[in-house]
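Q: Before we start, here is the structure in question, set down as structure tokens.
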Amino acid sequence: MGNDTRYPLLFSEGRIGDLTVRNRTVVEIGEGEIALQNLKTGRRVTRPVDGVVLAVGVRSDDRLARELGGRVPRVRVVGDAREPGRIHNAVRDGFDAAWEL
């Protein structure tokens with residue numbers, strides 16, 4: 001990923017390992033490290049990480065289910081495609097859909 005790539009993920013408040021982050025955005029994800037930029041001062045810091053989890057999106061998208069409708073015997077819309085929510089609800093939706101098979 002290039003240095004000029006910007007990610008819309010914002011940390012309003014939280015913890016990354018031993019680093020407390022407030023008002024920062026991810027500006028780069030590198031091999032074993034993450035770069036954050038302070039939204040107020042512009043100061044950039046790089047910290048080592050074992051992994052990065054990005055959670056983005058707040059809008060459901062059921063286009064694939066609509067496109068498949070009528071082409072396959074059954075279509076079930078689950079998780080964020082049905083309604084944006086929490087991961088445990090999406091996992092449960094997927095479990096319930098699989099159980100009904």
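The values are calculated or read from the model by the stated rules, or taken from the named source; none is laboratory data. A quick note: this is a predicted structure, and the numbers were derived from the prediction, not measured. A quick note on method: Cβ atoms are made from the backbone with ideal geometry, for glycine too, and the neighbour counts reach across all protein chains shown.
Q: Search the range 34-52 for residues that are under 12 Å from ARG24 (Cβ atoms) and in contact (Cβ under 8 Å) with a residue 12 or more places away in the chain and pair each with any residue that is part of a loop (DSSP other than H, G, I, E, B) and among the small types (Gly, Ala, Ser) when their beta-carbon atoms are under 9 Å apart and the residues are at least 6 apart or on different chains.
A: Matching pairs, first to second residue: ARG47/GLY17.
Q: How about the range 1-96: which strands (runs of 3 or more DSSP E) wholly inside it have at least 2 residues that are loosely packed, with under 14 Cβ neighbours inside 10 Å and modelled with pLDDT of 80 or more?
A: Filter on the range 1-96 gives 44-48.
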